1. Hey, among THR289, THR279, THR293, THR283, which residue is at pLDDT 95 or above, open to solvent by 40 Å² or more (accessible area, probe 1.4 Å) and not hydrophobic (A, V, I, L, M, F, W, C)?
2. Take ILE36 and decide whether it is modelled with pLDDT of 50 or more, open to solvent by less than 70 Å² (accessible area, probe 1.4 Å) and under 27 Å from ARG341 (Cα atoms).
3. How do the pairs read when you match residues in segment 254-270 that are acidic (Asp, Glu) with residues anywhere that are open to solvent by 50 Å² or more (accessible area, probe 1.4 Å), using Cβ under 8 Å and keeping only pairs 6 or more apart or on different chains?
4. Pull out all pairs, ordered by first then second residue, where Cβ-Cβ is under 7 Å, the residues are six or more apart or on different chains, the first lies in segment 211-228 and is on the phi < 0 side of the Ramachandran plot and without any contact (Cβ under 8 Å) to a residue 12 or more places away in the chain, and the second is open to solvent by 30 Å² or more (accessible area, probe 1.4 Å) and among the acidic types (Asp, Glu).
5. Report yes if SER45 is in contact with a helix residue (DSSP H, G or I) (Cβ under 8 Å, 6 or more places away or on another chain) and closer than 25 Å to PHE158 by Cβ, otherwise no.
6. Quick one: would you say THR413 is part of a loop (DSSP other than H, G, I, E, B), among the hydroxyl-bearing types (Ser, Thr, Tyr) and touching a residue at least 60 places away in the same chain (Cβ under 8 Å)?
7. What are the pairs, 6+ residues apart or on separate chains, where a residue within segment 34-60 that is closer than 12 Å to TYR284 by Cα has its Cβ under 7 Å from a residue that is small (Gly, Ala, Ser) and in a strand (DSSP E or B)?
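The values are calculated or read from the model by the stated rules, or taken from the named source; none is laboratory data. Since the model is a prediction, treat every value here as computed from it, not as a measurement. Using ideal geometry, Cβ is built from the backbone for each residue, glycine included, and neighbour counts are taken over all protein chains shown. Heavy atoms of the whole protein, side chains included, go into the accessibility calculation; ligands, DNA and RNA do not. Shrake-Rupley method; radii C 1.70, N 1.55, O 1.52, S 1.80 Å.
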Amino acid sequence: MRQKIAILLLALGAAPRVEAQHAAAQQADKPNIVLILADDLGYGSIGAFGQQRIQTPNLDKLARDGMVLTDFYANPVCAPTRGSLMTGMHTGDGLIRGNLELGSFEDWEEFGQLPLQANTVTMGTALQAAGYTTALIGKWGLGGPSSTGEPHRQGFDFFYGYLDQKQAHNYYPEHLWRNGVRETLPGAVASAHQRLPEGADPNDPASYADYRGTVYSCDTMTAEALRFIRNHRDRPFFLEMAYTLPHMALQVAERALEPYRGKFDDKPYTGPGYLPNATPRATYAAMITLLDTYVGQLVQALEENGLLDNTLIVFTSDNGAATGGGADPDFFDASGGLRGRKGSLHEGGIRVPFIAAWPGKIPAGSRSDHPLAVWDLLPTFLEAGGSPAPDGINGISFWPVLRGHPAQQQARTFLYWEFMERRGEQAVRFGRWKAIRKDTRAHKGQSPIELYDLQADRAEAHDVAARHPELVQRAAQYLATRKRAAWPAWNPDTSTKP
């Protein structure tokens, strides 16, 4: 397997890179930056975005204290969003365009996903050059053990968490990684992909005892984050908390489940797929509320260390809500009335909640419907810290929007997405219009284009392409700007599979 991976990476050749620009000397008023990234959290999954059944008091307060972006976008699945976040590139230009899984779910075959290449300018390297100490805690997904993509090779002074996103399906893992060193954890659950054994009573709580371990990964990762904040309070830092919540498997600490026990009409989930769960709806809700609890702990740590007034806090998600594994996002209206789920280029797959707060800098209780995306965060963070963005990226700083000065925001022509796994899709948003081209594999990239007016039809229920041929033509021109992907299977004119 290692030989196959080496051949794969050699075949990719040199992906496009941008040249680093070293910022000026560290400024005394440079803010700390804390990015909290949820996993599979749908647009409508928190109170600030309309959630009614799941309690998220800390995130709701963060929204009241800062700004909500109503039209913020990620990519449709995990690795492409993390790649765009790190590099400032959208999926029509960047290297990481899908979840290319290397190895298997077994610990001994943990090879991760397609790695970032050496010398890539990343969020880590750019912020290091701008005078920041950098840390990433949680889920990485951009290169497995000993690859060029490991976080400590991509600009992060400290990393603790999951290198391989397949391992992150288990909240009671056998190990986590610390700066390239594998650390074993006690009381692991053997696998995150099991089914209830034949003959086991699905209504007996004892039947699920084997699916709860000793060390809940998000607990120990949050403890590392709190320690990092305390230990680095005297100089500017960037901390990304890449939580795995509420991605399946459905696993949560008992203390978090208690408030939801018996609250919903729950039917046991017995598999196959992810882990069996006696109360899947209650567990799903508890996972989101636990995420909210961690956010509260991070904010409290900033306040206790005298850092809150000089810290930019951003919260968002890596893609839309996911189904399967016992999760029931429809019950919770997790997509907030948007069409689609994780893996789709409709709004429910890519539009995600976004909150930003910084006392005295970002207007409290403010909102913006400016269309923005995860690849814009790299230049935004750099501008907030007084440094220029790298050349050659797709991202545009939206610091003027966050400051409450939208008239000063740099204009852009369109936002672009593609997801060539499965049947293949492309999408662009330009102004109020959203265009989607589906089944690109079957039509070699020339399938019909659907057009939606998001201002009048945020649920994308009415295709108006026939009424606006001139807009469809413009969308086709935007879709044609994509560059060929380095991995052949991510191009619509090939059927090559990873």
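1. THR293
2. Yes: the conditions hold for ILE36.
3. GLU254/ARG212; ASP265/ARG281; ASP266/ARG281
4. Between residues of segment 211-228 that are on the phi < 0 side of the Ramachandran plot and without any contact (Cβ under 8 Å) to a residue 12 or more places away in the chain and residues that are open to solvent by 30 Å² or more (accessible area, probe 1.4 Å) and among the acidic types (Asp, Glu), there is no close pair.
5. no
6. Details: part of a loop (DSSP other than H, G, I, E, B): yes; among the hydroxyl-bearing types (Ser, Thr, Tyr): yes; touching a residue at least 60 places away in the same chain (Cβ under 8 Å): yes.
Considered against the rule, which asks whether it is part of a loop (DSSP other than H, G, I, E, B), among the hydroxyl-bearing types (Ser, Thr, Tyr) and touching a residue at least 60 places away in the same chain (Cβ under 8 Å), THR413 comes out as yes.
7. LEU41/SER317
Table: residues versus (1) open to solvent by 50 Å² or more (accessible area, probe 1.4 Å); (2) touching a Pro at 6+ places or on another chain (Cβ under 8 Å).
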{"site": "VAL428", "(1), (2)": "no, no"}
{"site": "TRP433", "(1), (2)": "no, no"}
{"site": "ARG441", "(1), (2)": "yes, yes"}
{"site": "LEU454", "(1), (2)": "no, no"}
{"site": "ARG467", "(1), (2)": "yes, no"}
{"site": "ARG482", "(1), (2)": "no, no"}
